[in-house]
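The values are calculated or read from the model by the stated rules, or taken from the named source; none is laboratory data. Because the structure is predicted, anything quoted here is derived from the model rather than measured. Neighbour counts run over all protein chains shown; Cβ positions are idealised from the backbone, glycine included. Each accessible area value is taken on the protein alone, full model and side chains, heavy atoms only, with ligands, DNA and RNA left out. Shrake-Rupley method; radii C 1.70, N 1.55, O 1.52, S 1.80 Å.
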Amino acid sequence: MAKTSTTTQGLRAAIERSGYYPALVAEAVEAAVGGEPMRSYLVHQETTFDQNEVRRHVTVLVLTANRFIVSHTDEQAADTTSPTPYATTSTESVKLGRISSIVVSRVVANPESYTPGTLPREIVLTIGWGAVSRIDLEPAACGDPDCEADHGYTGSSTADDLSLRVSEAGDGPETVRQALAFAQALSEATADLR
């Protein structure tokens, strides 16, 4: 990664602002990106509640000319496998040609008076490339309410590789703007391949 690039500096600053193990996260992302120049990025830090514990995690998305890179870091409390708290960082590099879908769901307030260019209240960015799928099955039935025959199962398969929710209230308007810009850049990059 070129250390003088403004995109690289912006990514590094966004990782620092997240405050979530910035040295660890930056090192993992930089190793995955390698020497490729970045087109766009998104840093999303999220706090979740797991029974009596507060857990944080960060997801960093990077778009290069050829790849979509996902880095995810989670923290874990001390447990039977580790006497001290620890973090797990993973990165995945996906060729742009493998991305099969990009879904941007926008939530806007007062849609009857919506003005083009107004920032959505929240967005959900879902990206599929076929690495993870979810299968939902249920018993199949026919239209006869008295039928007791076994009709097998029916269901659906859904790509479930990555889904990220970003809201103005929780993440701030700049993060929503950046998520929309990243989604547009990724969509344009994959459209160029078709």
(message) Can you compute the FRET efficiency between residue 87 and residue 113 using 1/(1 + (r/R0)^6), with r the Cβ-Cβ distance and R0 = 41 Å? Round to the nearest 0.05.
(response) 0.35
(request) Specify the angular offset, from 0 to 90 degrees and rounded to the nearest 10, of the alpha carbon long axis of helix 173-191 from the longest principal axis of the alpha carbons in the chain. (result) 70
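Before rounding to the nearest 500, sum -39500 (n - 2.57) across all DSSP H runs of length at least 4 in the chain and divide by the residue total; then give [θ] at 222 nm in deg cm²/dmol.
Details: 4 runs with 48 residues, N = 194.
It lands at -7500 deg cm²/dmol.
How long are the semi-axes of the ellipsoid equivalent to segment 45-130, from square roots of 5 times the Cα gyration tensor eigenvalues, in whole Å, largest first? Working shown, then result.
Details: eigenvalues 202, 100, 18 Å².
Semi-axes from the Cα gyration tensor: 32, 22, 9 Å.
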(request) Would you check the accessible area of residue 150, probe 1.4 Å, heavy atoms only, in square angstrom rounded to 10? (result) 140
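Let me check I have the definition right: for segment 63-178, take the eigenvalues of the Cα gyration tensor, multiply each by 5, take square roots. What are those semi-axes in whole Å, largest first?
Semi-axis lengths for segment 63-178 are 34, 27, 18 Å.
Can you give the translational diffusion coefficient of the chain in µm²/s, computed by Stokes-Einstein from the Kirkwood radius over Cα pairs at 4 °C and 1.567 mPa s? Walk me through the intermediate numbers first.
Values: Rh = 19.1 Å.
Value of D from the Cα-based Kirkwood radius: 68 µm²/s.
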(request) Using only Cα atoms, tell me the angle between helix 6-18 and the longest principal axis of the chain; keep it within 0 to 90° and round to the nearest 10. (result) 70
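Rounded to the nearest 0.05, what FRET efficiency do residue 147 and residue 16 have when you use their Cβ-Cβ distance and R0 = 41 Å?
Values: r = 63 Å, r/R0 = 1.53.
So, using R0 = 41 Å, E works out to roughly 0.05.
Relative contact order of the chain: what whole-number percent is it, with Cα pairs under 8 angstrom and at least 6 residues apart? Numbers along the way, then the final one.
Details: 331 pairs, mean separation 30.9, N = 194.
Answer for the chain is 16 percent.
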(request) For segment 1-92, just the Cα atoms, rotate onto the principal axes and tell me the three extents in Å, largest first. (result) 42, 21, 20
